[in-house]
Amino acid sequence: MSLPDSYTLKPSSTAAYFDALLDAQPPERFSIKFLENLGFTSTNDRLLIGILKDLGFLNADGVPQPRYFDFLDRSRSKQVVAASIRDAYSELFAVNTRANELSATDVKNKLRTLYSGKKTNGVIDRIAKTFSSLCEYADFSQEPPTTAKTEVAEDKKKDSPPHKKPEAGIQPLAQAIALDSLQYHINIVLPETRDQGVYDAIFRSLREHLGTRHG
């Protein structure tokens, strides 16, 4: 699970950012220059790049990822953003599965606990407002997609052969082992004596009783 470090100082511009992305051809690399060409020339607008990286739209080098191209499908762009938010703020959704419906104040309180003092209140406040603005733009009406782990588990179930009961007449292995395969180990404590005849009598008795195998 994870929590982002990114935030915007212009949460009211979130919708405008995404709408501009929909109207533009995706770049080979999302740079400050590309952002300025979209009309966002303020230094505060540059913080959008970090947000897009946390959302999985861009990799660490600013190269657009499959999620960016999925977003360009206008029929489901806001649903793609919702899925991205669930991933980026997975720890928050682990605490409250409907975190997208929380107020900015409630989000801030939850984040303060989750960050455990690793960020100042000012930064947490900005992250909370960023989260809320993203949720306002996104479409959470669809159920969250099945996670990769769940899909793998389901595939394994499909590929695994069904459990079969033993057929009639076939005994379980434990029952099928013949008694002939069992081995007996007998420990004999000989008495202390100097009379060799005592030992001869003992071994003669052993040969008589154990030397012959009964069918």
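The values are calculated or read from the model by the stated rules, or taken from the named source; none is laboratory data. Since the model is a prediction, treat every value here as computed from it, not as a measurement. All Cβ positions, glycine included, derive from the backbone under ideal geometry; neighbour counts span all protein chains shown.
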Next item on the list: State whether the residues of region 10-28 include one that is touching a residue at least 60 places away in the same chain (Cβ under 8 Å), touching a helix residue (DSSP H, G or I) at 6+ places or on another chain (Cβ under 6 Å), within 18 Å of Ser133 (Cβ to Cβ) and of a type in the set (Ser, Thr, Tyr).
Entry: yes
Checklist line | Counted residues, region 79-101 - those being within 15 Å of Thr14 (Cβ to Cβ) and outside any helix (DSSP H, G or I) | finding: 1
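Considering region 1-36 alone, what residues qualify as being of a type outside the set (A, V, I, L, M, F, W, C) and farther than 25 Å from Ser75 by Cα? Break it down into steps so the answer makes sense when it comes.
Here is the first cut: in region 1-36, the residues of a type outside the set (A, V, I, L, M, F, W, C) are 2, 4-8, 10-14, 17, 19, 23, 25-29, 31, 33, 36.
The answer is Ser2, Pro4, Asp5, Ser6, Tyr7, Thr8, Lys10, Ser31, Lys33, Glu36.
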Next item on the list: Please indicate, with yes or no, whether at least one residue in region 69-78 is assigned to a strand (DSSP E or B) and modelled with pLDDT of 95 or more.
Entry: no
